[in-house]
Amino acid sequence: MSTLPDSAPPAERPATAAFDRPLQLTPSQDLRGYVISRAGRLALLGLTSASVLAVVMIFVFIIIKAVPFLTDAKAAEFLTSTRWYPADRDPVFGALSILFGSVLVTAVAILLAVPVALLAAVFLSDIASFRFRQLAKPVIEILAAIPSVAYGFFALLVLAPWLQEHWGLPTGTNALNASMVLAVMAVPTIVSIAEDALWAAGRELREGAYALGATRAEVLVKVVIPAAHSGIIAAVILGIMRAIGETMLVLMASGMAAQIPTPWWDLTAAIRTLTATIAQEMGETAHGTLHYHTLFALGLLLLAMTFALNLISEHLLKRSRRAAGGKG
């Protein structure tokens, strides 16, 4: 096989590389490459900063709208009174019962969702076959794609009459109804993140435990779950955020009564949540009134709670990733 001599024209020589970038750049080429590189970095920085700026602007907007109420004399009873009568001649803005309603339904929903979600995550990560896992996990996550108003209609038209008929309750729209459906809505979030955390624990950790004579139950309970505890806790916190931020379901299924049940653990009583109160009253409130600014104060309280939970979950997820990577 003949080869072209070194004296052959450049067009006839075989290509020695897949790119035509010269090894030595001219000053203009070097400057152009530097400018393009810096411009790309600035563009990516701008896109990344846009989400941060959006969060900051949301905080600023809500704080500005809530300041007129927070500086009013009636703000003193905001978190100390359970009386919520914003439309009276002498309005009262006690949001303690509303805050309690949000905490109650969220806590009960998480208590119902966490055992089911954690068992499902353990089953998918360590017991089920890989093919079944690939089929089951997307199906579970489809629950998160169902609109919350669809869950609300189910709670209102199916679950509420069932609770009245079989449990003898005076009303089916109560804290129990909202909590049960909220638990179903929180399960996909907890399963997805907890299963990823369990999977990230690593095959070597499991094989080492089996090599020492541990049974499957011992490996799961004493090795895998403790190794993935940060990710599991983060999954639970994100599930709490999913439940506490829900609006349409609790608006339709909670009964919308601004009260603290007697006794406080009575789940058959109607309650009201922060999100449902804002959704119900914002459209009927005159702009610029004290009631209007009070609703923004409720939104600021809710935003502060979810933001704090998000920071905690991000911290725990970072710890989980560092543990999975073997870093200190």
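The values are calculated or read from the model by the stated rules, or taken from the named source; none is laboratory data. Since we're looking at a predicted model, the values are computed, not measured. Ideal geometry is used to build each Cβ from the backbone, glycine not excepted, and the neighbour counts take in all protein chains shown.
Between V224, V158, which is surrounded by 15 or more Cβ atoms within 10 Å (Cβ to Cβ) and more than 20 Å from the chain's Cα centre (by Cα)? Explain how you work it out, then say what you get.
On the way: V158 fails: surrounded by 15 or more Cβ atoms within 10 Å (Cβ to Cβ).
When all the criteria are applied, what remains is V224.
Can A136 be described as in contact (Cβ under 8 Å) with a residue 40 or more places away in the chain and small (G, A, S)?
no
For the subset of segment 52-76 comprising residues that are closer than 26 Å to A257 by Cβ and out of contact with any Leu (no Cβ under 9 Å at 6 or more places or on another chain), which member is surrounded by the most Cβ atoms within 10 Å (Cβ to Cβ)?
Taking the candidates together, the pick is A75.
Go through segment 84-96 and count every residue that is surrounded by 15 or more Cβ atoms within 10 Å (Cβ to Cβ) and in contact with an Asp or Glu (Cβ under 8 Å, 6 or more places away or on another chain).
3
Let me confirm something: among L249, L238, which residue is modelled with pLDDT of 90 or more and either crowded, with 21+ Cβ neighbours inside 10 Å or among the β-branched types (V, I, T) (or both)?
Sole residue among the options that is modelled with pLDDT of 90 or more and either crowded, with 21+ Cβ neighbours inside 10 Å or among the β-branched types (V, I, T) (or both): L249.
Might you check whether a residue that is under 22 Å from H287 (Cα atoms), at pLDDT below 90 and among the small types (G, A, S) occurs anywhere in segment 91-113?
No, that holds for no residue.
Being under 16 Å from A107 (Cβ atoms), touching a residue at least 60 places away in the same chain (Cβ under 8 Å) and among the polar types (S, T, N, Q) is true for just one of T277, T247, T273. Which residue is that?
Being under 16 Å from A107 (Cβ atoms), touching a residue at least 60 places away in the same chain (Cβ under 8 Å) and among the polar types (S, T, N, Q) holds for just one of T277, T247, T273, which is T273.
If the requirement is being part of a helix (DSSP H, G or I), modelled with pLDDT under 90 and in contact with a Leu (Cβ under 8 Å, 6 or more places away or on another chain), which of these qualifies: I278, I233?
On the way: I278 fails: modelled with pLDDT under 90.
So the residue among I278, I233 that is part of a helix (DSSP H, G or I), modelled with pLDDT under 90 and in contact with a Leu (Cβ under 8 Å, 6 or more places away or on another chain) is I233.
Can you find a residue in segment 217-240 that is out of contact with any helix residue (DSSP H, G or I) (no Cβ under 6 Å at 6 or more places or on another chain) and of a type in the set (K, R)?
Within segment 217-240 (the criterion being out of contact with any helix residue (DSSP H, G or I) (no Cβ under 6 Å at 6 or more places or on another chain) and of a type in the set (K, R)), the answer is yes, since at least one residue qualifies.
Among S37, S81, which is free of Cβ contacts under 8 Å to residues at least 60 places away in the same chain and surrounded by fewer than 15 Cβ atoms within 10 Å (Cβ to Cβ)?
Of the residues listed, the single one that is free of Cβ contacts under 8 Å to residues at least 60 places away in the same chain and surrounded by fewer than 15 Cβ atoms within 10 Å (Cβ to Cβ) is S37.
Listed residues T294, T262, T277, T273; which is hydroxyl-bearing (S, T, Y), under 23 Å from G94 (Cα atoms), surrounded by 20 or more Cβ atoms within 10 Å (Cβ to Cβ) and over 25 Å from the mean Cα position of the chain (by Cα)?
Going through T294, T262, T277, T273 in turn, the sole match is T294.
Condition first: surrounded by 13 or more Cβ atoms within 10 Å (Cβ to Cβ) and farther than 17 Å from V184 by Cβ. Can you find one or more residues in segment 134-151 that meet it?
There is no residue in segment 134-151 that is surrounded by 13 or more Cβ atoms within 10 Å (Cβ to Cβ) and farther than 17 Å from V184 by Cβ.
Could you tell me which of the residues L169, L99, L198, L118 is farther than 30 Å from P226 by Cβ and crowded, with 19+ Cβ neighbours inside 10 Å?
So the residue among L169, L99, L198, L118 that is farther than 30 Å from P226 by Cβ and crowded, with 19+ Cβ neighbours inside 10 Å is L99.
Which condition from (1) without any contact (Cβ under 8 Å) to a residue 24 or more places away in the chain; (2) out of contact with any Asp or Glu (no Cβ under 8 Å at 6 or more places or on another chain) is the one that V181 breaks?
With respect to (1) without any contact (Cβ under 8 Å) to a residue 24 or more places away in the chain; (2) out of contact with any Asp or Glu (no Cβ under 8 Å at 6 or more places or on another chain), V181 is out only on (1).
Is there any pair with a first residue in segment 152-172 that is within 16 Å of V250 (Cα to Cα) and a second that is surrounded by fewer than 12 Cβ atoms within 10 Å (Cβ to Cβ) and not aromatic (F, W, Y) whose Cβ atoms are under 8 Å apart and which are 6 or more apart or on different chains, and what are they?
G172/P161
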